[in-house]
1. Can you sort Tyr5, Tyr49, Tyr41 from fewest to most other Cβ atoms within 10 Å of each residue's own Cβ?
2. Measure nothing fancy, just the Cα-based angle from helix 137-151's long axis to the longest principal axis of the chain, in degrees from 0 to 90, nearest 10.
3. Rounded, prolate or oblate: which fits the stretch 81-134, taking a ≥ b ≥ c as square roots of the Cα gyration tensor eigenvalues, rounded meaning a/c under 1.5, else prolate when a/b beats b/c?
4. In degrees from 0 to 90, rounded to the nearest 10, what is the angle of the helix 63-73 Cα long axis to the longest principal axis of the chain?
5. Sort by residue number and name the cysteines in the chain that have no neighbouring cysteine Cβ under 4.7 Å.
6. Sequence gap at least 6, Cα distance under 8 Å: using those rules, report the relative contact order of the chain to the nearest whole percent.
7. Using only Cα atoms, find the angle between the long axis of helix 81-97 and the longest principal axis of the chain, and express it within 0 to 90 degrees, rounded to the nearest 10.
8. Check which residues have an amide H placed less than 5 Å from Tyr49's amide H, if you skip close sequence neighbours.
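Nothing in this text is a laboratory measurement; each read-out follows from the coordinates by a stated rule. Predicted model only: the values in this text are computed from it and were never measured. For neighbour counting, all protein chains shown are included, and Cβ atoms are generated from backbone atoms with ideal geometry for every residue, glycine included.
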Amino acid sequence: MKCPYCSHLGDKVVDSRESKEGEVIRRRRECLDCGRRFTSYERIDEIPYMVVKKDGSRERFERQKLIAGMLKACEKRPVSVSALEKVADRVEATLQDRPEKEISTVEVGQFVMQALKELDEVAYVRFASVYRNFRDVGEFRKQLEELLDAGE
């Protein structure tokens with residue numbers, strides 16, 4: 001924490017107190033350079049992570065919705081829930097690393113498809129068929145042929 005008096009970056013915490021509601025922590029600090037004391041306040045950053053949909057609208061990122069979509073694609077397939085949770089963890093980590101706190105559904109879909117392709121090819125094709133909105137059997141066949149060609 002930067003000292004407001006001398007701008008030194010070193011300090012020590014002299015006292016910490018939680019607010020009555022438990023939402024804020026007040027800390028008394030002492031600068032290690034000039035010795036003056038100052039107060040800082042800590043609170044949880046509650047900016048929601050957002051998903052930008054194909055039509056440009058935004059909605060709150062919901063981990064459970066992501067996992068539910070993957071579970072549907074992996075129905076009756078030998079893919080563990082913990083493997084899907086790891087995929088969701090990686091999506092969340094990507095989102096947390098971004099300064100703008102939002103991600104497009106296109107990026108999420110591509111990330112999930114790549115992860116499912118590595119976990120289970122049938123689940124991958126199922127997810128891709130919904131995500132890419134296949135309109136006919138020809139599009140489905142094309143995706144399968146690409147998958148088969150990549151496996152050879």
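1. The most exposed by this proxy come first: Tyr41, Tyr5, Tyr49.
2. 70 degrees
3. Values: a/c = 3.22, a/b = 1.45, b/c = 2.22.
Because a/c hits 1.5 or more and a/b fails to exceed b/c, the stretch 81-134 counts as oblate.
4. For helix 63-73, the angle is close to 20 degrees.
5. Cys74
6. RCO, the chain: 15 percent.
7. Around 50 degrees separate the two axes.
8. When sequence neighbours closer than 5 places are left aside, the close amide H contacts are Phe61.
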